[in-house]
Amino acid sequence: MSDDPDTGRDGDAIVATAWQLAEAEGWAAVTARRLAERADVDLGALYERFADRDAVVTAVAVRGFADLAVALTTARTAVGRPPEMWPAVMAAYLDFAYANPEVYDAMFAHTPDLTLGAEQVPETVAATFAELRAALVPLAAGRDPDTLAELGWSLLHGMIMLTRGGRLRPEAQDQREQMLDNHLFTPP
C-alpha cells in the first residue's frame, strides 16, 4: 500500500466517487458504506486506504487543488499577453469554484490543514497559489507579488462565498467580476 492514500485504482475510485457523491448530494451523503458500494470496493479496502471520512475529504480537497491548478495553468498559458493572464486565470478560478461547490468547500472549509501558512503545504495548494501569483506578477509594478496574489485569492474566495451564500446582489455579478478583472490590479 502506498503512503499516499489516494493513489492506486481503489484510492482513485474512492476519491472520484466521493467527489461525485458530494457534488450530487452534499458531504453528509458521503459515508464509508456508500463510498465502498458506489466505488465498487470492499469496505475493508476503503479503510486500508483512508483512516476515516476526514481523510477522504482531504484526498478530495487535494485532488480539487490539483484540478484547479491545471485549470489555472491552462487559462494563463492560453492567453498571448501578460495583462490578459489575470482575467483568464480569474475566470478559470470562478468557473471551477461555481461548478464544484462541494469540492470547493472541502478545499477551503473542511480541511484547515491545507493552507499556505502550514509548515508543509501540499504541492497542489502551492501550485494553485503559484498560478495566481504568476498571473499577477505582470501587474505587480514594484508591489510584492506574494501579497498581491494573496489579495487576489482573498478577493476571489470572498466573492465566491458571498455569492454562493446569497449575500451579494445577483444582478451586479458581472460588474464585480469586471472590476476585479480590470481595475483592482492595474499597476499604480
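Here are some notes:
- Residue among A92, A106, A149 that is in contact with a Gly (Cβ under 8 Å, 6 or more places away or on another chain) and of a type in the set (G, A, S): A106
- The set of residues from the stretch 62-106 being assigned to a helix (DSSP H, G or I) and among the small types (G, A, S) comprises G64, A66, A69, A71, A75, A78, A88, A91, A92, A97, A99, A106.
- Residue in the stretch 30-49 that is without any contact (Cβ under 8 Å) to a residue 24 or more places away in the chain and within 21 Å of the chain's Cα centre (by Cα) present: no
- Criterion violated by T111 - all others in (1) of a type outside the set (D, E, K, R); (2) buried (at least 18 other Cβ atoms within 10 Å of the Cβ); (3) assigned to a helix (DSSP H, G or I); (4) at pLDDT below 95 satisfied: (3)
- Selection within the stretch 138-148 - touching a residue at least 12 places away in the same chain (Cβ under 8 Å), of a type outside the set (D, E) and assigned to a helix (DSSP H, G or I): P138, L139, P145, L148
- When residues of the stretch 68-90 are limited to those that are out of contact with any helix residue (DSSP H, G or I) (no Cβ under 7 Å at 6 or more places or on another chain) and not β-branched (V, I, T), the one nearest to R176 (Cα to Cα): E84
- Verdict on L139 being among the aliphatic types (A, V, I, L, M) and either touching a strand residue (DSSP E or B) at 6+ places or on another chain (Cβ under 6 Å) or more than 22 Å from R81 (Cα to Cα) (or both): no
- Residue ID - surrounded by the fewest Cβ atoms within 10 Å (Cβ to Cβ), chosen from residues in the stretch 24-61 that are touching an Asp or Glu at 6+ places or on another chain (Cβ under 7 Å) and not in a loop (DSSP other than H, G, I, E, B): A45
- Pairs, first assigned by TED's automatic domain parsing to the domain that holds A61 in the stretch 120-134, second part of a loop (DSSP other than H, G, I, E, B), C-beta under 8 Å, six or more apart: V121/L114; V121/T115; P122/L114; V125/L114; V125/T115; V125/L116; A126/L116; F129/L116
- Single residue of E171, E123, E150 found to be acidic (D, E) and farther than 17 Å from L72 by Cα: E171
- When restricted to residues that are surrounded by fewer than 20 Cβ atoms within 10 Å (Cβ to Cβ) and basic (K, R), the stretch 62-90 contains 2.
Each row is one residue, and each column tells you yes or no for (1) surrounded by 18 or more Cβ atoms within 10 Å (Cβ to Cβ); (2) of a type in the set (D, E).
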{"residue": "A92", "(1), (2)": "yes, no"}
{"residue": "A99", "(1), (2)": "no, no"}
{"residue": "M107", "(1), (2)": "yes, no"}
{"residue": "E119", "(1), (2)": "no, yes"}
{"residue": "E123", "(1), (2)": "no, yes"}
{"residue": "F129", "(1), (2)": "yes, no"}
{"residue": "G158", "(1), (2)": "no, no"}
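- Contacts under 6 angstrom Cβ, first residue in the stretch 156-177 being assigned by TED's automatic domain parsing to the domain that holds L68, partner loosely packed, with under 10 Cβ neighbours inside 10 Å and among the small types (G, A, S), 6 or more apart: none
- Residue within the stretch 121-132 that is over 30 Å from Q178 (Cα atoms), assigned to a helix (DSSP H, G or I) and modelled with pLDDT under 95 present: yes
The values are calculated or read from the model by the stated rules, or taken from the named source; none is laboratory data. The structure displayed is predicted, hence computed values, not measured ones. Reconstructed Cβ throughout: ideal geometry from the backbone, glycine too, with neighbour counts over all protein chains shown.
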